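Participant: Right, I'll just put the structure down here and ask away after.
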Amino acid sequence: MRFFYLIFTLLFFFSLHSSHLLQAADLPTGFVEVQIATGLDPTSMALAPDGRVFIAEKNGRILIVEDGELLPEPFLVLDLDNSNERGLSGIVFDPNFEENNYLYIYYTVLGENHNRVSRITANGNLALAGSEVVLLELDELLGSVHNGGAMEFGADGTLFIATGEGSQPSNSQNTNTLLGKILRINSDGSIPTDNPFYAELEGKYRAIWALGFRNPFSMAIEHSTNRIFACDVGGFLFEEVNAVEKGGNYGWSILEGFRTNQEVPENYRDPLYAYSHGLGCSVIGAAFYSPSNKTFPEQYHDKFFFGDYCKGYIKVLNPQTGVVEQTFATGVHRPLNFKVTPEGDFYYLERAGLGGGSQEDNTSSWNGALWKISYTGNNAPFISVQPRSVLLPIGEEAIFSVKAAGGQPLSYQWQRNEVDIEGAIADTYMVSDLTLEDNGSVFRCKVSNNLGEVISEEALLTVTSNTRPTPTIVSPLSTTTYQAGQVIVFEGKAIDLEDGELEAANFRWKIDFHHDEHKHPALQPTIGIMGGEYQTANVGETSANVWYRIYLTATDSEGLTKTTFTDVFPETVNITLTSEPTGLSINLDGQFVPLPHTFESVKGIERNLSAPFSQELDGKLYAFRQWENEDADRLNSFFTPQKDSTLQVEYEYVPFSDGDGLMGNYYNGNLGDLDSTAHWTNLDPFIDFDWGIGSPNELINDENFQVRWLGWVEPLFSEEYTFHVISDDGTRLFVDDFLIIDGWMSHPALETTGRITLEAGKKYPIRLEYFDSGGNASIQLFWSGLHTPKQIVRTSQLFSEFSIDIDNPEKLPFVVNWFPNPVSDVLTLSIIALEAETVEVTWYDLVGREITSKKVNILPQKTEVTWEMATFPKGVYIVEVKGNQVVESRAKIVVD
């Protein structure tokens, strides 16, 4: 994706954002839109078969909209590389999601400089813990833009993946890399043998389906034709909509747009449609309007929708001619991703955000939104569902219906053999107690309003004197039960009054899996068998309120049918979960439950327990130790046993420290001298401030001020910590004298992160610096880790002063702190130690050459020594401190 490429002032974007919140997009007459979710950092979305909307956020979260509401808990949170255009870019559901609960994601792997395609298993509204299966590792990225990420399943069940060239244009024509391509793999990660380059390439490169793309960030597949359309974000000249063909080459980086007189590669394909940068800057969004229920007017049926990220419009393209037929929407705040629901509605994501195309803008958005467009029909009527012809026996009733939209009120008039039927003025018409005289009648409906009239297709009524067949399910019996993973054997027979006993060719079986009021297909409709076997699942739906419904439909020689069914219910037991200490919580199949907790479970079904690394109870912190069977793995998966059972999880107490916070030194002036005397000093218990347009204190300016917080931080666990700073404006964070966050620039509220490995119980120097350049002012300091959920760094772990505990010398760190850093004039070395000794301080340049060395005498508790920096040229140095109480302490010092 190439985000907005023009640079404007922040004032322009703030005014743009504010005005957009007051109005929706401009749509054609008859269409309305509603804002479903806000506050998003979106990149893509996918529609679950049950109507839920899964939204992929660039920062690694997947959110769910259910019944029109954004759920508070994320479905999944990924730890990934979220810089510039890197992050979570794609999401798609498996075609058999209702059976296997699989969905697929495309994201940039943290610390590995490449994108990945993985499969995740859903468990309700949460991802199943530990379920990620890596299917495809893409090649190394040269830069942080042009990642691609669109994914769609084809009609044959294979997965198509669009990849960007990763800032290296030559990748697009190189078949020894997966970048700049459309890929095709099977849903298990294997590669189909009928891929176009399968015979001439090896390994994962056999997945290449088409090549020559720059950054195809959006893609759609029309399943009725299996046509693949990819929107390729261009360079300096053109934006392209490409109809992707097997083995095709789409030209980048040899040419953009339509071919004129250029030399082209083998199997070159011109774009179906291209437009210059006078009409936009970044083609985005891709969707065919081909739902099962077409509620939009006919002019939109089977058309292709795309948008432009910069101009904020959505256009309608005829996929047969390549001609843009109309503009569908304008005023969209950076459109991003489109989806059409089976019910005929149109979802779109808008990214919004800061704008300007900077790295900060590309990295995150704080005000993206999900919108739904529906057609209300405030114009001439049209019929979206036509009446159907029927074959029925004597004595039954025939029902004909239409579904129409248009300007209200709509009027209906049914006709029989082109003659109006008196009183038949609803959208449904019924003929009762059929006789042979009704045979051959033709029914249709006229729909009208003050703007026009439309007549439906004709529906033929066929009435026969024959009777329906009688099917009987012989097995399973009504008393049959099942355990998860067992086989259900089904068998049937059918008798017809005219045909006698029917053969297998007249049988149609179907099995649905029911859960509460919902159902999912288990055995797809199967014709031509008298019976068979069905393997029940032992993974997936964990509710005990489930059953299988087995349908048998018999069809006689004339085409009359009749259906019967039987239900097979599960065998269940009760499982009780407890904790030590009592009152903790645990994740059961993706949902947290308080303990103790008893639940009913189908025998043989797999259950998944995930114990949090740590959790708080009554103000105390506890860390996971083991299960009662001494299993130290937090993830506990088991198949439900045959008898009622109890399982206990055990935690151990982790005491908080007794910190008091950080010392905040507040300064007036923007980007002034943080080493001068502070205008106000305050002990801040934690860093969680939102001053708005006000001031931290009456001594400090409302705008253009700075803060430096100093002290020590003590981790509760030995692990890698991620520090998160959310601020408006700039920040720098040093932990253990390492600069781990450098966001020293003006920006709106933005999250920046840095990582460092820390040891439990050891105090580390921490320095957080902040400036406000005007407007709103806010800053928050969070941390997170394997055992630490993301949270504001608590007061108990922050210390404004550090004194040595002589009674516990084994816990004493040898603390070395340098400040200020960067430094201009005088550098201070602060050392806290248990005993007096002489340490050696050595300066090196970045290639390891020694610059100078000096011995320093230190005393117990705290010693400070100053260094005059006038003789040091500007640059970066490594300073090393060695002594008996410390093997080695190293710091990077910037002299400016």
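Participant: Only one residue in Phe513, Phe565, Phe507 is under 27 Å from Glu600 (Cβ atoms), crowded, with 17+ Cβ neighbours inside 10 Å, touching a residue at least 24 places away in the same chain (Cβ under 8 Å) and aromatic (Phe, Trp, Tyr). Which one?
Facilitator: It is Phe513.
Participant: Can you name the strands (runs of 3 or more DSSP E) wholly within segment 714-792 that have at least 3 residues being among the aliphatic types (A, V, I, L, M)?
Facilitator: 738-743, 750-758, 777-785
Participant: Take Glu33 and decide whether it is touching a strand residue (DSSP E or B) at 6+ places or on another chain (Cβ under 7 Å), at pLDDT below 90, acidic (Asp, Glu) and surrounded by 15 or more Cβ atoms within 10 Å (Cβ to Cβ). Steps first, answer last, please.
Facilitator: Working: touching a strand residue (DSSP E or B) at 6+ places or on another chain (Cβ under 7 Å): yes; at pLDDT below 90: yes; acidic (Asp, Glu): yes; surrounded by 15 or more Cβ atoms within 10 Å (Cβ to Cβ): yes.
For Glu33, the condition - touching a strand residue (DSSP E or B) at 6+ places or on another chain (Cβ under 7 Å), at pLDDT below 90, acidic (Asp, Glu) and surrounded by 15 or more Cβ atoms within 10 Å (Cβ to Cβ) - is met.
Participant: Return the residue satisfying two criteria in turn: it lies in segment 718-748 and is acidic (Asp, Glu) and free of Cβ contacts under 8 Å to residues at least 40 places away in the same chain, and of such residues it is most open to solvent (accessible area, probe 1.4 Å). Quick ask: steps written out before the conclusion?
Facilitator: Within segment 718-748, the first condition is being acidic (Asp, Glu), and the residues that meet it are 719-720, 728-729, 736-737, 742.
Then keep just the ones that are free of Cβ contacts under 8 Å to residues at least 40 places away in the same chain; that gives 736, 742.
On the way: Asp736: 50, Asp742: 97 Å².
Checking each candidate, the answer is Asp742.
Participant: If you don't mind, another one. Checking the conditions here, which among Glu769, Glu751 is open to solvent by less than 10 Å² (accessible area, probe 1.4 Å) and touching a residue at least 40 places away in the same chain (Cβ under 8 Å)?
Facilitator: The conditions single out Glu769.
Participant: So, one more: Among the residues of segment 154-183, write down those that are crowded, with 24+ Cβ neighbours inside 10 Å and in contact with a helix residue (DSSP H, G or I) (Cβ under 6 Å, 6 or more places away or on another chain).
Facilitator: Those that are crowded, with 24+ Cβ neighbours inside 10 Å and in contact with a helix residue (DSSP H, G or I) (Cβ under 6 Å, 6 or more places away or on another chain): Glu165, Leu179, Gly180, Leu183.
Participant: Also: If you take the residues of segment 305-343 that are over 15 Å from Leu370 (Cβ atoms) and of a type in the set (S, T, N, Q), which of them is surrounded by the most Cβ atoms within 10 Å (Cβ to Cβ)?
Facilitator: Within segment 305-343, the match that is surrounded by the most Cβ atoms within 10 Å (Cβ to Cβ) is Asn318.
Participant: Taking segment 62-89, which residues are under 30 Å from Glu140 (Cα atoms) and assigned to a strand (DSSP E or B)?
Facilitator: Ile62, Leu63, Leu76, Val77, Leu80, Leu88, Ser89
Participant: More than 30 Å from Tyr482 (Cβ to Cβ), in contact with a Gly (Cβ under 9 Å, 6 or more places away or on another chain) and of a type in the set (Asp, Glu), is that true of Asp618?
Facilitator: Spelling it out, Asp618 is indeed more than 30 Å from Tyr482 (Cβ to Cβ), in contact with a Gly (Cβ under 9 Å, 6 or more places away or on another chain) and of a type in the set (Asp, Glu).
Participant: Out of all the residues in segment 571-600, which are crowded, with 19+ Cβ neighbours inside 10 Å, of a type in the set (Ser, Thr, Tyr) and under 30 Å from the mean Cα position of the chain (by Cα)?
Facilitator: Scanning segment 571-600 gives no hits.
Participant: Now for a separate question. So Ile55 passes all but one of these: (1) modelled with pLDDT of 90 or more; (2) open to solvent by 10 Å² or more (accessible area, probe 1.4 Å). Which condition number does it fail?
Facilitator: (2)
Participant: I'd like the residue in segment 625-645 that is touching a Ser or Thr at 6+ places or on another chain (Cβ under 7 Å) and open to solvent by 30 Å² or more (accessible area, probe 1.4 Å) and, out of all such residues, is modelled with the highest pLDDT.
Facilitator: Arg634
Participant: Just name the residue that is surrounded by the fewest Cβ atoms within 10 Å (Cβ to Cβ) out of those in segment 126-153 that are assigned to a loop (DSSP other than H, G, I, E, B) and in contact (Cβ under 8 Å) with a residue 60 or more places away in the chain.
Facilitator: Taking the candidates together, the pick is Gly130.
Participant: When residues of segment 848-861 are filtered for being surrounded by 12 or more Cβ atoms within 10 Å (Cβ to Cβ) and without any contact (Cβ under 8 Å) to a residue 40 or more places away in the chain, how many remain? Please lay out each step first, then the result.
Facilitator: Step one: of segment 848-861, the residues surrounded by 12 or more Cβ atoms within 10 Å (Cβ to Cβ) are 851-852, 854, 856, 858, 860-861.
Next, only the ones that are without any contact (Cβ under 8 Å) to a residue 40 or more places away in the chain stay: 851-852, 854, 856, 858.
Qualifying residue count for the region: 5.
Participant: With respect to Gln648, is the statement that it is at pLDDT 85 or above, assigned to a loop (DSSP other than H, G, I, E, B) and open to solvent by 30 Å² or more (accessible area, probe 1.4 Å) true? Before the answer, list the steps.
Facilitator: On the way: at pLDDT 85 or above: yes; assigned to a loop (DSSP other than H, G, I, E, B): no; open to solvent by 30 Å² or more (accessible area, probe 1.4 Å): yes.
No, not satisfied.
Participant: Another one. Checking Phe490 against (1) more than 44 Å from the chain's Cα centre (by Cα); (2) of a type outside the set (S, T, N, Q); (3) surrounded by 13 or more Cβ atoms within 10 Å (Cβ to Cβ): exactly one of these is not met. Which one?
Facilitator: Tallying (1) more than 44 Å from the chain's Cα centre (by Cα); (2) of a type outside the set (S, T, N, Q); (3) surrounded by 13 or more Cβ atoms within 10 Å (Cβ to Cβ), Phe490 fails exactly one: (1).
Participant: Where residues in segment 528-562 are over 36 Å from the mean Cα position of the chain (by Cα) and of a type in the set (Ser, Thr, Tyr), which of them is least open to solvent (accessible area, probe 1.4 Å)?
Facilitator: So, considering only residues that are over 36 Å from the mean Cα position of the chain (by Cα) and of a type in the set (Ser, Thr, Tyr), the one least open to solvent (accessible area, probe 1.4 Å) is Thr553.
Participant: Being at pLDDT below 95 and touching a Lys or Arg at 6+ places or on another chain (Cβ under 7 Å) is the filter; apply it to segment 58-75 and report the residue that is surrounded by the fewest Cβ atoms within 10 Å (Cβ to Cβ).
Facilitator: Restricting to residues being at pLDDT below 95 and touching a Lys or Arg at 6+ places or on another chain (Cβ under 7 Å), the top hit is Glu66.
Condition check ((1) exposed (fewer than 14 other Cβ atoms within 10 Å of the Cβ); (2) farther than 22 Å from Pro297 by Cβ; (3) more than 41 Å from the chain's Cα centre (by Cα)) across all residues:
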residue: Val390; (1), (2), (3): no, yes, yes
residue: Glu397; (1), (2), (3): yes, yes, yes
residue: Gln408; (1), (2), (3): yes, no, no
residue: Gln413; (1), (2), (3): no, no, yes
residue: Glu418; (1), (2), (3): yes, yes, yes
residue: Glu422; (1), (2), (3): yes, yes, yes
residue: Ala426; (1), (2), (3): yes, yes, yes
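Participant: Only strands (runs of 3 or more DSSP E) wholly contained in segment 154-250 count here; list those with 1 or more residues that are within 24 Å of Gly278 (Cβ to Cβ) and either in contact (Cβ under 8 Å) with a residue 40 or more places away in the chain or under 21 Å from the mean Cα position of the chain (by Cα) (or both).
Facilitator: Result: 216-222, 227-232, 238-244.
Participant: Within segment 522-574, work out how many residues are part of a strand (DSSP E or B), within 30 Å of Ile394 (Cβ to Cβ) and hydroxyl-bearing (Ser, Thr, Tyr).
Facilitator: The total comes to 7.
Participant: Going through segment 813-843 one residue at a time, which ones are among the aromatic types (Phe, Trp, Tyr) and at pLDDT 85 or above?
Facilitator: Trp843
Participant: Still on this model: Can you tell me which residue is least open to solvent (accessible area, probe 1.4 Å) among those in segment 862-895 that are assigned to a loop (DSSP other than H, G, I, E, B) and modelled with pLDDT of 80 or more?
Facilitator: Among residues in segment 862-895 that are assigned to a loop (DSSP other than H, G, I, E, B) and modelled with pLDDT of 80 or more, the one least open to solvent (accessible area, probe 1.4 Å) is Met869.
Participant: Let me ask you something else. I'm trying to understand the selection: among the residues of segment 247-272, which are open to solvent by 40 Å² or more (accessible area, probe 1.4 Å), over 16 Å from Ala210 (Cα atoms) and not acidic (Asp, Glu)?
Facilitator: Correct list: Phe258, Arg259, Thr260, Asn261, Gln262.
Participant: Would you please name the residue that is nearest to Ala891 (Cα to Cα), looking only at residues in segment 836-847 that are open to solvent by less than 50 Å² (accessible area, probe 1.4 Å) and of a type in the set (Asp, Glu)?
Facilitator: Asp845
Participant: Additional query: Could you run through segment 78-120 and say how many residues are without any contact (Cβ under 8 Å) to a residue 40 or more places away in the chain, touching a Phe, Trp or Tyr at 6+ places or on another chain (Cβ under 9 Å) and surrounded by 19 or more Cβ atoms within 10 Å (Cβ to Cβ)?
Facilitator: Number of matching residues: 4.
Participant: Of (1) assigned to a loop (DSSP other than H, G, I, E, B); (2) small (Gly, Ala, Ser); (3) touching a Gly at 6+ places or on another chain (Cβ under 9 Å); (4) at pLDDT 95 or above, Gly485 satisfies all except one. Which?
Facilitator: Of everything listed in (1) assigned to a loop (DSSP other than H, G, I, E, B); (2) small (Gly, Ala, Ser); (3) touching a Gly at 6+ places or on another chain (Cβ under 9 Å); (4) at pLDDT 95 or above, Gly485 misses just condition (4).
Participant: What's the total number of residues in segment 232-245 that are modelled with pLDDT of 95 or more and either loosely packed, with under 14 Cβ neighbours inside 10 Å or small (Gly, Ala, Ser) (or both)?
Facilitator: Looking only at that region, the number is 1.
The values are calculated or read from the model by the stated rules, or taken from the named source; none is laboratory data. Keep in mind that what you see is a predicted model, and the values were worked out from it rather than measured. Every residue, glycine among them, receives a Cβ derived from its backbone with ideal geometry; neighbour counts consider all protein chains shown. All accessible areas refer to the heavy atoms of the entire protein, side chains included, with ligands and DNA or RNA removed. Shrake-Rupley method; radii C 1.70, N 1.55, O 1.52, S 1.80 Å.
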